[in-house]
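We did not get these values from a lab; they are worked out from the coordinates using the rules stated. Everything numeric here is computed off the predicted structure, so don't read it as measured data. Here the Cβ is made from the backbone with ideal geometry for all residues, glycine too, and neighbour counts use every protein chain on show.
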Amino acid sequence: MTRIGRTLAVLGLMGLAGVGRLAGQAPGPDRTINIPEHIGNSHEMELPFVGAVELPRIPPIHLGGLTIDLSPTKHLVFMLIAATIVALVFILSARSIAAAQARGRPATGFAGAMEATALYVRQEMVLPNVGDHGEAYVPYLLTVFFFILTMNLLGLLPWGATATGNISVTAALAIVAFIVIEVTGMRSLGATGYLKTIFYLPHGLPGGFAGSILKVVLLAVMTPIEIIGKLAKPFALAVRLFANMTSGHVLVLALIGLTFLFQSYSVGVAASLLATGVMLLELFVAFLQAYVFTLLTAVFIGLMRAEH
């Protein structure tokens, strides 16, 4: 860990300690910062100039001993907002691009920027990693990139919430990626080829009785490893996105907590400057994590198609 990283970690721990200390000494909304409440999911939203607004509740569905609550939550609302923004941006951009091409001119302005970004994702991230005939995966991976990016950016806005800071959201994205990867393997390799990615045997094994014993031993050892490898991919995708989007918010709130701990203008200014720097870093992380999730998904699809 670098010296800057150690310093930020120490300051963050001090901020967390200050939040807990003040919560025990002088309770009140103006003296405490409830970090789990700010970064966690809930059935209410904070609106500017309005305050907390309770979201509608739907009676839960009971299936035997299982209770399913379909009531909307804060993170669900911001997921729907992100999906709406992505849909509107690309529908309107596509119309602008089509109108510009009809006039024999290239798209300019915001539509041109979105076209350039989409082409970069397609040409530099998707096709080189998915491999030949990878055009069919471009719409899915473009949607993943811009959907995650929009959710990340919404969490940086005042009164916003980061849906990707919810492990359930990132797990759902990873499960969809896992299904796409495995279905791709089934379609590209066939039943026999796909089963070889689970029951793996290296080439060049000896024949005869000794070779048969060796194959059984290798299957007993390699099959669990291959299954764990398949499950580790979506697990890594989900945890990486969740951890990176949560840690930055926790650090910002912890730095702000230093102001409440020391109750000093100078400490408050220093903590605010550090929090601003972390927020700028989070802006970079928002783009980076959308890039990494999309890139790794494309890589995993390409590896499966190549039977690796």
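Dipole orientation for the chain: of the candidates GLY40, ALA275, THR297, THR297 has the Cα lying most toward the positive pole (charges on Cβ; Lys, Arg +1; Asp, Glu -1).
With 10 angstrom as the radius, rank PHE110, PHE209 by how many other C-beta atoms surround their C-beta, starting from the fewest. Spell out each step's value before the answer.
Values: PHE110 12, PHE209 8.
Least to most surrounded, the residues fall as PHE209, PHE110.
Note on PHE90, PHE235: ascending count of other Cβ atoms within 10 Å places them as PHE235, PHE90, the fewest first. Straight-distance candidates among the aspartates and glutamates for linking to LYS230, with alpha-carbon spacing under 17 Å and chain neighbours fewer than 8 residues away dropped: GLU182, GLU307. For the stretch 261-308, chymotrypsin sites (Phe, Trp or Tyr not before Pro) are listed when DSSP marks them as loop and at most 12 other Cβ atoms sit within 10 Å of their Cβ; the list is empty.
Defining a contact as two alpha carbons under 8 Å apart and six or more residues distant in sequence, what relative contact order in percent does the stretch 229-279 show? Reported relative contact order: 35 percent. Here the dipole of the stretch 77-305 is about 320 debye; that uses its Cα centre as origin and unit charges on the Cβ of Lys and Arg (positive) and Asp and Glu (negative).
Relative to the longest principal axis of the Cα atoms of the chain, the long axis of helix 109-120 lies at roughly 40 degrees.
Counting other beta carbons within 10 Å of each residue's own, what order do TYR194, TYR137, TYR200 fall into, fewest first?
Placing the least packed residue first, the sequence is TYR200, TYR194, TYR137.
For the chain, the longest principal axis of the Cα atoms and the long axis of helix 208-262 meet at an angle of about 10 degrees. Computed packing ranks the peptides 39-52, 247-260 as 247-260, 39-52, most packed first, by mean other Cβ atoms within 10 Å. When the Cα positions of ALA100, ASN166, ILE68 are compared along the charge dipole of the chain, ALA100 comes out farthest toward the positive end, with charges on each C-beta of Lys, Arg, Asp and Glu. Given GLN263, ALA113, PHE49, which one lies farthest toward the positive end of the charge dipole of the chain, if we put +1 on the Cβ of every Lys and Arg and -1 on the Cβ of every Asp and Glu? In the chain, that residue is ALA113.
Here the contact order of the chain, divided by its residue count and restricted to Cα pairs under 8 Å and six or more residues apart, works out to 26 percent.
Using 0.36 nm per residue and subtracting the Cα-Cα separation, the extra length available between THR67 and GLU135 on full extension is 20.4 nm. Tell me the net charge near ALA232. Cut-off is 12 Å between Cβ atoms, ALA232 excluded, with +1 for each Lys or Arg and -1 for each Asp or Glu. Taking every other residue near ALA232 into account, the sum is +2.
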